[in-house]
Amino acid sequence: MTARVASAHPAPRLVGRLVALGACGSIAAYKAVELVRLLRAEGADVVVMLTPAATKFVAPLTLAALSRHAVETDVLGLLPDQRIGHIVVADAADAVVVAPATARWLGAMANGIASDAVTAACLATSAPVVFAPAMDGDMWTHPATRANVERLVRDFGYTLVSPEAGELASGQTGPGRLADLPRIVDAVVAAIGDRPVRQPDPAARPPGAGEAPEADLDGRTIVVSAGGTAEPIDPVRFIGNRSTGKMGVAIAEAALARGAAVTIVAGRVEVPLPVAATVVRAETTSAMRDAVLGAVIAGRADALVMAAAVADFRPRHAADTKLTRGGALTLELEPTEDILAEVGARARELDPRPVIVGFAAETGSLDRAPEKLRRKGADLLVANDVSEAGSGFGTDTNRVVILGADGSRDELPLLPKRDVADRLLDRVVAALDARPARGHTVATTTETR
Ligand code: CTP
């Protein structure tokens with residue numbers, strides 16, 4: 001008698017397939033991390049898209065590292081080669097799976113409102129779409145949600161992976177919990193079936209993480225300032241700015257990936273800081289000055305990237321107790337220390353001299369940038385027009401001009417901030433390599449404001 005023995009390792013079912021995973025802003029977004037792993041275990045190449053709300057629940061960096069692709073978080077985002085990110089995904093994916101799908105996303109999708117990368121990719125694709133909702137039980141049973149789900153299934157032909165009943169984030173028990181992940185994977189496998197691979201040409205797929213970056217900053221110490229400073233008016237109020245820290249953090253992450261030891265001098269930031277960096281918190285300009293001088297001058301860093309948006313003025317006197325409502329209030333402001341200019345001046349006394357990088361956030365013309373570079377004693381100045389769409393505070397992209405003290409002017413196209421960071425670090429590496437050999441140290445301060 002012969003027995004059929006089931007293999008403990010069934011053949012992977014998604015080999016050669018590109019699966020686009022779109023995650024929306026639900027507590028269950030963290031499960032997208034495990035879903036990437038399961039899809040990759042089936043042999044799929046996975047590219048992730050996040051709605052803006054989803055980025056509050058799960059870090060794009062985590063998903064980028066696991067998927068080996070940049071994460072699409074911005075419907076206006078362009079790939080480094082200027083292709084439109086969500087369209088490349090839509091054209092190349094063998095399936096799109098939206099998990100978790102929120103009530104908002106169901107409403108947007110049912111009505112074709114492409115205000116985020118996930119909805120836009122679904123609208124633009126002819127691949128099968130699978131969606132797995134997750135939400136509060138009452139939201140799931142609301143007639144609006146029911147009608148939207150019905151539309152997606154009946155009119156669009158999307159595959160629903162129904163949520164399960166169980167304990168929900170609200171503490172209630174009921175329907176609305178994201179389906180078990182293997183059910184979602186099975187639905188993706190079934191939706192693709194035996195269709196031909198849609199885009200076998202890797203060049204037409206979203207670019208991969210590719211080769212690990214060269215460790216060209218190995219052994220270097222880089223200081224990066226990030227975020228905005230806050231100057232107290234009283235114990236509860238401050239003068240701040242719109243910087244989120246994205247550009248500075250992108251520089252820190254890129255420097256870490258290239259082998260540097262990185263210190264982040266962090267003002268107020270709205271993005272997670274890389275765990276591999278040494279973090280020094282410095283909310284006020286005065287605290288940031290001390291932290292930057294300590295890390296760059298005393299700490300003999302190889303480079304400073306001053307990406308922080310530093311206040312130019314602060315209240316001359318901060319009140320010890322909360323100011324109460326009354327008549328008009330006049331604040332007397334005094335100028336703050338210019339950290340970059342001070343480091344630029346003091347760095348001249350050091351041998352080897354650290355490479356100093358400043359940023360210049362301008363609105364409109366960048367004409368003042370060359371003078372600012374000279375005045376601050378920087379080797380490089382990254383100038384951008386923060387009033388331009390896709391550039392400046394809070395965006396994932398930036399269009400910058402890198403000015404060199406040698407008179408060079410490098411105008412970069414609109415790029416993801418991580419790519420801007422790498423192009424800037426290419427210049428920092430070149431400047432470090434051009435220094436006469438002695439010790440090494442580099443620090444970076446100033447954020448893309
Ligand atoms: N900077 C600094 N300390 C300050 C202000 C700015 O170190 N008190 C740094 C920023 O981090 C940035 C560079 O100087 O790297 C240029 O900042 P920017 O605000 O563009 O220039 P300002 O010196 O403020 O000049 P202006 O207000 O005339 O634009």
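If r is the Cβ-Cβ distance from residue 363 to residue 15 and R0 is 35 Å, what FRET efficiency results, to the nearest 0.05? Write down the numbers at each step before the final one.
Numbers: r = 51 Å, r/R0 = 1.45.
For R0 = 35 Å, the calculated efficiency reads 0.10.
On a straight-distance basis, which aspartates and glutamates could pair with residue 372 in a cross-link, Cα separation under 13 angstrom, same-chain partners fewer than 8 positions away excluded?
The reachable aspartates and glutamates, counting only those whose Cα sits under 13 Å from residue 372, are 338, 362.
For segment 146-188, what are Rg and Dmax over the alpha carbons, in angstrom?
In order Rg, Dmax, the Cα atoms of segment 146-188 give 12.1, 34 Å.
Take the Cα coordinates of the chain, assign each an equal point scatterer, and use the Debye formula without solvent to give log10 I(q)/I(0) at q = 0.12, 0.13 Å⁻¹.
-1.01, -1.10
Got a sec? Charge dipole of the chain, +1 on Cβ for Lys and Arg, -1 for Asp and Glu; which of 291, 172, 412 is way out at the positive end?
After comparing all options, I get 172.
Could you give the nm distance between label points at residue 321 and residue 286, where each point is 7 Å from its Cα heading toward the beta carbon?
2.2
Calculate, in whole percent, how much of the Cα-Cα pair population of segment 333-414 lies beyond 16 Å.
More than 16 Å apart: 55 percent of the Cα pairs in segment 333-414.
Given a Förster distance of 30 Å, report the FRET efficiency between residue 199 and residue 61 from their Cβ-Cβ distance, rounded to the nearest 0.05.
In this case the efficiency is close to 0.70.
I need the calculated FRET efficiency for the pair residue 216 and residue 435, taking r as the beta carbon distance and R₀ as 25 Å, to the nearest 0.05.
Plugging the Cβ-Cβ distance into 1/(1 + (r/R0)^6) gives 0.95.
For segment 14-204, what is the accessible area per residue in Å² when the probe is 1.4 Å?
Heavy-atom SASA per residue in segment 14-204 reads 41 Å².
Could you give P(r) for segment 14-204, binned at 5 Å from zero, as whole percent values over all Cα-Cα pairs?
Pairs per bin, as whole percents: 1, 9, 18, 23, 22, 15, 8, 3, 1, 0.
Using all alpha carbons of segment 71-167, what is the percent of pairwise distances in each 5 Å bin, ordered from the shortest bin to the longest?
Calculated over all Cα pairs of segment 71-167, the distribution is 3, 13, 24, 24, 16, 10, 6, 2, 1, 0 percent.
About the Cα centre of segment 14-204, how large is the charge dipole given +1 on each Lys and Arg Cβ and -1 on each Asp and Glu Cβ? Please answer in debye to the nearest 20. Could you put the intermediate results ahead of the total?
Details: 15 positive and 19 negative charges, 9 e Å.
With only Lys, Arg, Asp and Glu charged at Cβ, the dipole is about 40 debye.
Can you flag which of 31/417; 56/246; 246/322 are past 23 Å Cα-Cα?
In this structure, 31/417; 246/322 exceed 23 Å between Cα atoms.
Along the charge dipole of the chain, pointing to its positive end and built from +1/-1 on Cβ of Lys, Arg, Asp and Glu, which listed residue (98, 249, 75) has its Cα farthest out?
Projecting each Cα onto the dipole axis, the largest value belongs to 98.
Assigning unit charges at the beta carbon (Lys, Arg +1; Asp, Glu -1) and nothing else, what dipole magnitude in debye, to the nearest 20, does the chain show about its Cα centre?
On the way: 48 positive and 54 negative charges, 79 e Å.
Roughly 380 debye for the chain.
The values are calculated or read from the model by the stated rules, or taken from the named source; none is laboratory data. Predicted model, so just to flag it, every value in this text is computed and none were measured. Please note: Cβ atoms are built from the backbone with ideal geometry, for glycine as well, and neighbour counts cover all protein chains shown. Please note that ligands, DNA and RNA were not included when accessible areas were found on the heavy atoms of the full protein model with its side chains. Shrake-Rupley method; radii C 1.70, N 1.55, O 1.52, S 1.80 Å.
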